[in-house]
Protein chains: 4
Amino acid sequence: MSQGRKGISYWDYIRVEDLLSLQTGLHGDESRVGNDEVLFITVHQIFELWFKLVIRELEDVRAVFRQNPVPDQALSTACRSLRRCVTIFEVAADHWKVVESLTTRDYLAFRDQLVGASGFQSAQIRQLEILLGLEDELRIRCAGEASYKEVLKRHDGGTTPALERVERQLASGPSFRSSLYDWLARTPIDGSSDEASVKAYTDAFLASHAAQAKRLVESSGSALPEMDRDLLEKRYQREVDNAHAFLEGRDLAHLSDEEQRKRRHSRAALVFIESHRELPRLAWPREVVEATHVLEQAMVIWRWRHARMVERVIGRRVGTGGSGGVDYLDATAQRYRVFDDLWTVRTLLLKSELTPSLARPEDYRFRIED
Amino acid sequence: MSQGRKGISYWDYIRVEDLLSLQTGLHGDESRVGNDEVLFITVHQIFELWFKLVIRELEDVRAVFRQNPVPDQALSTACRSLRRCVTIFEVAADHWKVVESLTTRDYLAFRDQLVGASGFQSAQIRQLEILLGLEDELRIRCAGEASYKEVLKRHDGGTTPALERVERQLASGPSFRSSLYDWLARTPIDGSSDEASVKAYTDAFLASHAAQAKRLVESSGSALPEMDRDLLEKRYQREVDNAHAFLEGRDLAHLSDEEQRKRRHSRAALVFIESHRELPRLAWPREVVEATHVLEQAMVIWRWRHARMVERVIGRRVGTGGSGGVDYLDATAQRYRVFDDLWTVRTLLLKSELTPSLARPEDYRFRIED
Amino acid sequence: MSQGRKGISYWDYIRVEDLLSLQTGLHGDESRVGNDEVLFITVHQIFELWFKLVIRELEDVRAVFRQNPVPDQALSTACRSLRRCVTIFEVAADHWKVVESLTTRDYLAFRDQLVGASGFQSAQIRQLEILLGLEDELRIRCAGEASYKEVLKRHDGGTTPALERVERQLASGPSFRSSLYDWLARTPIDGSSDEASVKAYTDAFLASHAAQAKRLVESSGSALPEMDRDLLEKRYQREVDNAHAFLEGRDLAHLSDEEQRKRRHSRAALVFIESHRELPRLAWPREVVEATHVLEQAMVIWRWRHARMVERVIGRRVGTGGSGGVDYLDATAQRYRVFDDLWTVRTLLLKSELTPSLARPEDYRFRIED
Amino acid sequence: MSQGRKGISYWDYIRVEDLLSLQTGLHGDESRVGNDEVLFITVHQIFELWFKLVIRELEDVRAVFRQNPVPDQALSTACRSLRRCVTIFEVAADHWKVVESLTTRDYLAFRDQLVGASGFQSAQIRQLEILLGLEDELRIRCAGEASYKEVLKRHDGGTTPALERVERQLASGPSFRSSLYDWLARTPIDGSSDEASVKAYTDAFLASHAAQAKRLVESSGSALPEMDRDLLEKRYQREVDNAHAFLEGRDLAHLSDEEQRKRRHSRAALVFIESHRELPRLAWPREVVEATHVLEQAMVIWRWRHARMVERVIGRRVGTGGSGGVDYLDATAQRYRVFDDLWTVRTLLLKSELTPSLARPEDYRFRIED
């Protein structure tokens, strides 16, 4: 800090000189690094800075949902945090345009030296995935390694700051996903949280869903004489089957009975919240679900846009660090969905007049009105 | 037109009243159409208006490249047109955000009535694909129909304005792709357009490419002890094989000998133009190639973003008109690449010092200098 | 509508052919209109389509706030509508980039013929301003006319569809601004809506505000020895004076006593809502205020970006229709603020620990908690 | 650098840990800094990183134009650099949205401590202005200081890294503006660079300009009977006067005769390049002029968007460091135009058929054609 000033200066507060001295490349000497490579380093640094903000913010969001009960008011705070993260990812997705100002030749001029360094060594991206709750079995091995942690180790197997970041995050407790699903699993469905109520709502919903599919096959089939009616029927039948499988939790056999029950409840809650948003007490929960969904979408877009930048600049060649390059990136954009249930629910929802009518809507009013 | 004014008015020039009377929905009566549906109709109308502009502009670009020779000066005009189309697609890609302001429930409220109407009936999108030169065998059948033209017919098989648009476009002559590739096939490679020169350049390039792949296997392999060295070697070997297959035209057996020769030449020209952009006469050709590439990328982004909007709003359910919905849209984003060779070249390019040295670089200078 | 199909087709639903026939320019003949002019017409048509959506949506928002009381739940619906309008204006602001693909020469080629037609003849922009509640005295005369209605008349003074739109809007009742301010004027301040309570809160706030200004003069003054301490003191004193003038309604002398009281109350409510957002019942009101503010910002950005496009394409020349061109557009971006009080409040707000403490915070809790 | 690995790791290359340790705020202790303040610090750090890239890139552009002659081929390289800077500023303009996720209260929580630190202490923004060539007399005093350098000094008047950056930049030689205008002043006008040729072209252009203004007064005046014909005539007369003043250099009396001659030539060259872009040799010069213009526009948008963010978050209160806040920022957006002549030319240009016809267009062809 500079002495003699009564207040702090911009350059001390922002740490400008320290910050601008970190683009020294492979040899610790910026005079040997060209503009294109400084650009490449800098954009990655900017991503890391954004990721840090997002991680801090999502730690707070997770803390909200680890409370039981979650205070009503905290929902609006959580939404603000989630939306801030959305804005950051939307902004960050455009940074690939700056990287695309590199031509293939510009990038190749320094790329070979980067053997061994690759974006999948970004510890903060891994932290973010862990914090959100990405399931390990979804992860794609990028370069033949046993685990994503392998590529964060030293050559001799020793630890690194990157690995330590990831381990700290893993040790920090349940993910946001897990906390969010727990909160959903406590939501009263039509006024009650007992298992029978949840099942009654689910059954009514599934019956209406199947009836609607039947109607759509009939009307679509007749309107489109050219198409294969069998194909259409099979498509709708698959939708009906999927709805059953999801709401009855047929994919959850590996979990304990209690975990299965909670997950079925949380899935029913998602259907319930999205289907009855005109009920005052469901307004903020719906905002939370929406903001979470939008955040995941923003991250998917960022990942996919990354793949497009790489494809444009250097095509489909082998990635640095030996990864699959564009194919690896495209696969992460497609598979890395943390909030799978939120996506699935969108496929099931029914239009307003087909959703089950409620026995106790007044339970979702506020006791005082405007 | 209003009478009595000496000049034309804004509302007559823009045709405001006619324009604002076209959102009448299924029954020709706007009073029966809610805000959400008017939004849905309007966004599609806006897309059609943008498409019209793009088609007009690309007709002009195609006309430039159907000349032989193409005047040097026309290249900058063509670039301006291509960049305008890029801007339009970039802007249009954001319109999906407006559609995403519909919740699932909002959209379902009017969606069922749309059975039979689907975005794949947009004749202008088909026109655009035809004009650019999308190959028919890449097309994905969306609903079991025999051809994309089927869904543009009346129920009784009769013609429609949509089908007529497509037929007119098909009859309008060679595509932009075909004209562009023809122009590329006339580019002198290292000062000469004869087949031997082209082959000499290609062979030198392939030799350098193979040597580089070998070096990268060695350095990457040793730097990343954790990964499967065999996997890496196979990946690089596939790159070398692909480069040979591409530049030697092994995928072109179905074409006439002359067509094969031309296509090999145009591919060599792409490598040549991208590899030697410091030569003055290659500056504008490189801009043309780049602008075309960027346009295709912008269209891919628009298509993929469409898929994300649908997935977010209604999930992975059966599409209107019985199409595959999100899966169909994702498949078009992945497969519908018109300028395949431009993409492939990005995978092959070598860094500057590895590209073959030229015997006659002075052929690519201007005769007068600044 | 096409016959014979059981469902409606895309081209009938979207009215594609009608829509694409409206770019016929001055002479009703598209073959005489070049690409650049079609682009110019089309972008304006797209704006008109967006405006129509915004007007429909804001009619609904106004209807929410014309209720007394406004149901709590309706606030989330109103926010959704407001945010949709924000998205539309954000998207529309980027359309100027498409127009900027015109060079000066491109635009001049057809501009002279447009004498008499000008964007300030857009009736829907006027409707939007009326619906929101732009005060007439803020309006800038663009071309020496007596009123903005003059330029919507026929040469012989007769009415036009444009003028009729505006008259209908004027006759449609109180503006959104007026309805919103009325709702704010009913907000209980620290548990009570009587005038004394409002004044007590206001006085406490102003006292804290003045004390803070004094502290800031002292600390800033000493930290920045180079600057004119008098200048700084005057700046802060002006802030204190402005806060008094605003919250005590010194600018409202032209209104009735009752109107003055209501407006002071609504201003106090804005300070109150923004200062105590941790109170559950203030969460949605704060979202409403924020969404309204953001909408106005989005419109300001759209207007200012319009000015930049004009300045870039044709510089600061006289506008079509004889308007002031860029200067006129810049002036509208600067002056046309409908929700003046929302902007002013941002200048006054104090940090959390300086806001008056509340006597009855429990009045703003929900009676039931999660 | 980590030992034992054969290649470098991502975290060493990107300097992740060093980078993420710089958000420690006033007291050098991140644990005392909340999310909102970390966000505030981080966004400013990201701006500084972008500025560094822009400065490096523009140093290269300037170097191109300090050559005499400027090699033709270098123009395309300069355009690529300029466009990269445009992309960076476009991306950066959106970062204000992230800052806008702060509410007034969030920001006020830490703002008072920043007394003494202000964005106008960003040395790199000053470097950028100096490198581009912002004229000192355009600068706005933000807080009563004698010069913008004052606020970069220590309290005791001593030097700082910020001041040293600015001094180094000032010592680095002529600005890009000056180099660009020198290059323009060497452009042959209709085949000749002598003063008489330049004057002949200018005179012909001005005559055509005046005739056109006369025609427009006549047609506009009669078309708009409502408006003040005198007002319109005055507006057009001012345009004619301004055109004369500009092309005859009446504002340049303070310069040497030789400097005046050069500047008149460079202005004529701008008119010439923009008016005859169909001439092959003028295609790249026009791209350079356009890219420079677009860069300035992108910077103006970034500055203005900054003002809007501040106005939204904290209103029009006194800025940190005692500056004028929003008013200061708005004034910089309006006044800080480096390439004044490029803007002015847009106001003068005539449509194609009104520009003077050329005696020697063939001088602007290439000697070889496609």
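Which is modelled with pLDDT under 95 and in a helix (DSSP H, G or I), of D:L232, D:L206, D:L180?
Just one listed residue meets the conditions, D:L232.
Starting from residues that are in contact with a Lys or Arg (Cβ under 9 Å, 6 or more places away or on another chain), more than 14 Å from chain B (Cβ to nearest Cβ) and not polar (S, T, N, Q), keep the ones in the stretch D:263-290 and report whichever is surrounded by the fewest Cβ atoms within 10 Å (Cβ to Cβ).
D:R264
Condition first: free of Cβ contacts under 8 Å to residues at least 60 places away in the same chain and either among the acidic types (D, E) or at the interface with chain C (Cβ under 10 Å from one of its Cβ atoms) (or both). Now tell me which residues in the stretch B:98-116 satisfy that.
B:V98, B:D112
On the given criteria, is C:D12 more than 9 Å from every other protein chain (Cβ to nearest Cβ) and free of Cβ contacts under 8 Å to residues at least 12 places away in the same chain?
Against the criterion (more than 9 Å from every other protein chain (Cβ to nearest Cβ) and free of Cβ contacts under 8 Å to residues at least 12 places away in the same chain), C:D12 does not qualify.
Checking C:Q73 against (1) more than 7 Å from every other protein chain (Cβ to nearest Cβ); (2) assigned to a helix (DSSP H, G or I): exactly one of these is not met. Which one?
Single failed check for C:Q73: (1).
Examine the stretch A:135-151 for a residue that is aromatic (F, W, Y), crowded, with 16+ Cβ neighbours inside 10 Å and assigned to a loop (DSSP other than H, G, I, E, B), and state whether such a residue exists.
yes
Identify, from the list A:V294, A:V318, A:V310, the residue that is within 9 Å of chain B (Cβ to nearest Cβ), among the hydrophobic types (A, V, I, L, M, F, W, C) and buried (at least 21 other Cβ atoms within 10 Å of the Cβ).
Residue meeting the stated conditions: A:V318.
Within the stretch C:80-96, can one find any residue that is more than 11 Å from chain B (Cβ to nearest Cβ), over 21 Å from C:R317 (Cβ atoms) and acidic (D, E)?
Looking for residues that are more than 11 Å from chain B (Cβ to nearest Cβ), over 21 Å from C:R317 (Cβ atoms) and acidic (D, E), one finds none in the stretch C:80-96, hence no.
Listed residues B:R83, B:R126; which is surrounded by fewer than 20 Cβ atoms within 10 Å (Cβ to Cβ) and either more than 30 Å from A:S275 (Cα to Cα) or of a type in the set (V, I, T) (or both)?
B:R83
Across the stretch A:117-149, what is the number of residues that are within 14 Å of chain D (Cβ to nearest Cβ) and within 13 Å of the chain's Cα centre (by Cα)?
Number satisfying all stated conditions: 4.
Quick check, is A:S101 modelled with pLDDT of 90 or more, out of contact with any strand residue (DSSP E or B) (no Cβ under 8 Å at 6 or more places or on another chain) and of a type in the set (S, T, N, Q)? Explain how you work it out, then say what you get.
Working: modelled with pLDDT of 90 or more: yes; out of contact with any strand residue (DSSP E or B) (no Cβ under 8 Å at 6 or more places or on another chain): yes; of a type in the set (S, T, N, Q): yes.
Considered against the rule, which asks whether it is modelled with pLDDT of 90 or more, out of contact with any strand residue (DSSP E or B) (no Cβ under 8 Å at 6 or more places or on another chain) and of a type in the set (S, T, N, Q), A:S101 comes out as yes.
Please specify each residue of the stretch B:34-50 satisfying the condition of being of a type outside the set (S, T, Y), closer than 22 Å to B:S122 by Cα and without any contact (Cβ under 8 Å) to a residue 40 or more places away in the chain.
B:V38, B:I41, B:Q45, B:L49 - these are the residues of the stretch B:34-50 that are of a type outside the set (S, T, Y), closer than 22 Å to B:S122 by Cα and without any contact (Cβ under 8 Å) to a residue 40 or more places away in the chain.
Suppose we filter the stretch B:150-171 for residues that are in contact with a helix residue (DSSP H, G or I) (Cβ under 7 Å, 6 or more places away or on another chain) and away from chain A (no Cβ under 14 Å); how many remain?
6
Checking B:S357 against (1) surrounded by fewer than 20 Cβ atoms within 10 Å (Cβ to Cβ); (2) not in a loop (DSSP other than H, G, I, E, B): exactly one of these is not met. Which one?
Single failed check for B:S357: (2).
Need a quick list: helices (runs of 4 or more DSSP H) entirely within the stretch B:265-350 having at least 3 residues that are more than 29 Å from B:D106 (Cβ to Cβ).
Helices (runs of 4 or more DSSP H) meeting the threshold: B:283-314, B:340-348.
Any idea how many residues of the stretch D:154-166 are surrounded by 14 or more Cβ atoms within 10 Å (Cβ to Cβ) and of a type outside the set (V, I, T)?
Looking only at that region, the number is 6.
Looking only at the stretch A:146-161, how many residues end up being of a type in the set (G, A, S) and closer than 14 Å to A:R126 by Cα?
1
Look through the stretch A:224-262, keep the residues that are closer than 16 Å to A:S178 by Cα and touching a residue at least 60 places away in the same chain (Cβ under 8 Å), and return whichever of them is farthest from the other protein chains (Cβ to nearest Cβ).
Step by step, filter the stretch A:224-262, then rank; the result is A:R261.
Regarding B:V294, is this residue among the β-branched types (V, I, T) and within 30 Å of A:G157 (Cα to Cα)?
So B:V294 fails the test.
Can you name the number of the only condition in (1) more than 16 Å from D:W304 (Cβ to Cβ); (2) more than 9 Å from chain D (Cβ to nearest Cβ); (3) touching a Ser or Thr at 6+ places or on another chain (Cβ under 7 Å) that C:V338 fails?
Status for C:V338: all satisfied but (3).
Taking the condition out of contact with any Lys or Arg (no Cβ under 9 Å at 6 or more places or on another chain), part of a helix (DSSP H, G or I) and within 30 Å of B:T77 (Cβ to Cβ), does C:F89 pass?
Criteria not met by C:F89.
Residues in the stretch C:92-134 that are among the hydroxyl-bearing types (S, T, Y) and not in a helix (DSSP H, G or I): how many?
Going through the stretch C:92-134 one residue at a time, the tally reaches 4.
Has the stretch A:51-59 got at least one residue that is touching a residue at least 60 places away in the same chain (Cβ under 8 Å), surrounded by fewer than 21 Cβ atoms within 10 Å (Cβ to Cβ), more than 8 Å from chain D (Cβ to nearest Cβ) and over 26 Å from A:V166 (Cα atoms)?
No, the conditions are met nowhere in the stretch A:51-59.
Got a number for residues in the stretch D:153-177 being assigned to a helix (DSSP H, G or I) and not charged (D, E, K, R)?
Summing the residues that are assigned to a helix (DSSP H, G or I) and not charged (D, E, K, R) in the stretch D:153-177 gives 7.
The values are calculated or read from the model by the stated rules, or taken from the named source; none is laboratory data. Being a predicted model, the structure only gives us computed values, none of them experimental. Using ideal geometry, Cβ is built from the backbone for each residue, glycine included, and neighbour counts are taken over all protein chains shown.
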